[in-house]
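Nothing in this text is a laboratory measurement; each read-out follows from the coordinates by a stated rule. These numbers come from a predicted model, not from an experiment. Glycine gets a Cβ as well: all are built from the backbone with ideal geometry, and neighbour counts include every protein chain shown.
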């Protein structure tokens with residue numbers, strides 16, 4: 001069963017490789033500075049390295065798909081996203097795989113009655129506008145600066161050719177590495193807790209743990225995607241929107257990387273704020289959209305006559321189609337899988353105002369007097385519960401989140417069987433001892449387990465202001481939860 | 001063996017410089033050859049012919065090697081076609097110089113003493129036009145902004161060459177004592193020399209377009 005579920009993840013990886021490699025090598029291949037074969041080989045190697053070496057350390061190990069609570073559901077969501085990206089790749093349009101995944105999850109939310117993440121949807125729409133505009137501004141600026149620099153430096157045509165080629169290769173492999181590191185979680189992250197793989201040691205030189213073996217498989221899927229189907233989208237980016245010179249090709253990838261780094265890097269923001277410096281605002285920037293913007297920026301600075309607006313219109317249409325089609329495919333497929341194949345595509349999440357939950361809500365400063373008649377009542381979906389609360393009182397989104405997480409019924413019982421299966425280097429010995437101390441206990445709400453663990457060990461205790469530590473705890477908890485679910 | 005190793009080590013930039021040197025040298029050698037021919041110093045003329053033939057061979061070898069490098073290493077993809085055409089055009093100019101001296105050797109035209117200065121001036125203008133073209137080429141590779149500074153000189157020398165050709169032809173056909181066949185033979189040589197400057201100007205026109213295409 002694991003192998004069947006994994007195929008959809010690998011299909012998603014393949015689609016990602018076929019589409020997103022264009023973000024890093026598209027302009028280089030489009031301007032014939034690097035042959036497609038060379039670009040595909042380099043991209044493949046560095047995507048795999050990024051996935052295996054840095055994939056495990058990525059902030060969102062489980063990726064967007066982590067929101068889906070049943071493995072069969074995750075299978076369909078990944079399949080819907082992959083199918084959408086595949087379709088648009090066949091047509092040759094650069095689209096965002098993440099947006100396809102978020103769209104497919106919205107389809108799952110609609111089907112399962114879970115709350116739709118409107119923040120994600122809003123950020124998708126914003127990224128359609130913000131990414132190209134920011135990237136276009138940066139690329140136009142860089143193009144002017146670099147063109148001026150080249151004119152003043154009087155570099156020999158062949159030396160310039162070597163410099164640009166080297167620049168494109170370095171930018172390409174760095175981009176491929178981060179493509180692997182950042183996206184592998186979406187490809188196979190969801191399967192990590194149910195992986196049957198054991199650690200493999202290579203002559204004692206290095207060891208691949210179960211997660212890394214999955215990441216390797218996902219990385220290979222991405223690499224194969226680039227190799228077998230990546231050329232078309234690369235040519236759209238590198239030659240379809242406007243004719244580009246090699247200098248322009250380099251400027252486009254440079255602007256893309258800089259925009260992603262400045263406006264999407266939480267690390268950079270934390271560093272700047274930590275040193276008392278003004279930070280760039282974090283905005284939803286997507287690499288697929290930014291690279292198109294970079295190319296447009298150069299086209300515009302050269303007068304705009306060479307831009308094929310019709311192609312741009314088609315690309316914009318493909319961007320809008322990505323989440324919409326993913327929602328539709330996901331919803332219909334889930335319906336078929338659930339009703340025809342009798343598979344459990346989601347675990348129904350109920351909401352109940354228990355005494356413990358009430359205590360937690362009051363502690364958070366939310367008055368309970370208007371909700372008294374909801375005490376002890378069970379609501380079968382988040383949507384229903386939210387509706388019931390909204391009829392009685394008005395809460396801001398933050399308060400609503402507190403209420404929802406406090407009342408969410410997620411019964412867990414820690415068993416030896418589950419604890420024995422912990423095979424994640426991130427879980428420390430101290431954390432494991434804390435878990436062992438809770439074996440045999442059952443919890444109604446998820447937060448109860450979290451509180452109990454925090455009481456047992458400081459390594460399970462969130463620290464105010466320590467984002468790194470808190471993110472690690474959140475990931476570790478997610479892992480433990482999935483492990484418990486897979487053994488229940 | 002040693003030569004081939006050295007050749008392999010020579011970078012494409014150096015090869016192009018060397019190739020352009022051959023064209024420049026071919027111009028000077030053709031001048032020497034014609035001077036020797038007009039002075040009836042046939043030994044010096046034969047030497048000039050040998051030198052210019054060697055230069056032509058070397059130029060051909062270099063051009064082939066550069067073109068192979070351009071394709072094998074897929075260098076300058078956006079300008080490869082233009083650079084190839086440019087090199088072939090420049091090679092054609094080299095061939096013109098060699099062809100001219102060969103024709104002197106084969107046809108042995110009887111150039112009257114009164115036309116000597118005009119023939120020398122005519123060839124000098126063509127050599128200068130090609131020289132300016134060589135400088136334009138070097139600038140195209142190294143400092144594209146200064147190409148225009150050299151191209152206008154090509155045009156200047158081509159016009160000068162036209163003036164001398166017209167004057168020379170008038171003088172030739174104004175001579176009553178010469179046979180028509182003789183006059184036509186001399187006209188043919190005057191035209192051969194003039195054509196070198198004409199071709200240099202045609203190449204410069206194409207180079208102008210390549211420059212626009214590469215302008216950032």
Listed peptides B:75-81, A:394-400 by packing density, highest first (mean Cβ within 10 Å)
B:75-81, A:394-400
Taking a crude spin-label model, label points 7 Å out from Cα along the C-beta direction, the residue A:266 to residue B:80 distance in nm is 4.5 nm
Whole angstrom only: what separates the Cα centroid of region A:356-384 from the Cα centroid of region A:265-280?
38 Å
Normalised contact order of region B:72-182, rounded percent, pairs of Cα under 8 Å and 6 or more residues apart:
24 percent
Once the mean of 1/r over all distinct C-alpha pairs in region A:350-409 is inverted, the Kirkwood radius in Å reads 11.2 Å
Relative contact order for chain A, counting Cα pairs under 8 Å that sit 6 or more residues apart, in percent
24 percent
Can you tell me the 0 to 90 degree angle between the C-alpha axis of helix A:97-112 and the longest principal axis of chain A, rounded to 10?
30 degrees
Could you give the angle, 0 to 90 degrees to the nearest 10, between helix A:157-188's Cα long axis and the longest principal axis of the Cα atoms of chain A?
20 degrees
Percentage, to the nearest whole number, of Cα pairs in chain A over 34 Å apart
40 percent
If each Cα of region B:2-214 is one equal point scatterer, what is log10 of I(q)/I(0) from the Debye formula at q = 0.14 Å⁻¹?
-0.84
More than 17 Å apart - percent of Cα-Cα pairs taken over region B:1-103
55 percent
Nearest 10 degrees is fine. How inclined is helix B:180-214 to the longest principal axis of chain B, computing both from alpha carbons?
20 degrees
Can you tell me the length gained on complete extension of the stretch residue A:320 to residue A:471, counting 0.36 nm per residue apart and subtracting the Cα distance?
51.2 nm
Simple spin-label model, 7 Å along Cα-to-Cβ: residue A:110 to residue A:461 in nm?
4.6 nm
Would you mind getting me the FRET efficiency between residue B:46 and residue B:215? Use the beta-carbon distance for r and R0 = 30 Å, nearest 0.05.
0.05
Roughly speaking, what is the centre-to-centre gap between region A:148-188 and region A:294-345 when only Cα atoms are used, to the nearest Å?
27 Å
By per-residue mean of other Cβ atoms within 10 Å, what is the highest-first order of A:327-336, A:222-231?
A:222-231, A:327-336
How high is the relative contact order of region B:2-214, in percent, with contacts defined as C-alpha pairs under 8 Å that are six or more residues apart?
23 percent
May I ask you to sort A:379, B:185, B:116, B:152 by Cβ crowding, counting other Cβ atoms within 10 Å and putting the fewest first?
B:152, B:116, B:185, A:379
Computed from the beta carbon distance with a Förster radius of 56 Å, FRET efficiency for residue A:152 and residue A:203 to the nearest 0.05 stands at 0.55
Only helices counted: for the protein assembly as shown, with every DSSP H run of 4 or more residues adding -39500 (n - 2.57) and the sum spread over all residues, [θ] at 222 nm is -24500 deg cm²/dmol
Mind jotting down the distance between the C-alpha centroids of region A:218-238 and region B:62-83, whole Å?
28 Å
For region A:1-140, what number results from the quotient of the Cα radius of gyration and 2.2 N^0.38 Å?
1.14
Take the Cβ-Cβ distance between residue B:176 and residue B:28 as r, set R0 to 45 Å, and report the resulting FRET efficiency rounded to the nearest 0.05.
0.75
Using Cβ counts within 10 Å as a stand-in for footprinting exposure, how do B:161, A:43, B:204 rank, fewest first?
B:204, B:161, A:43
Please order B:201, B:105, B:15, B:88 by the number of other Cβ within 10 Å, starting at the fewest.
B:88, B:105, B:15, B:201
How many Cβ atoms of partner chains, on average, are near each residue of B:137-145 if near means within 10 Å of its Cβ?
3
Rounded to a whole number, the mean other protein chain Cβ count within 10 angstrom for residues of A:160-166 is 3
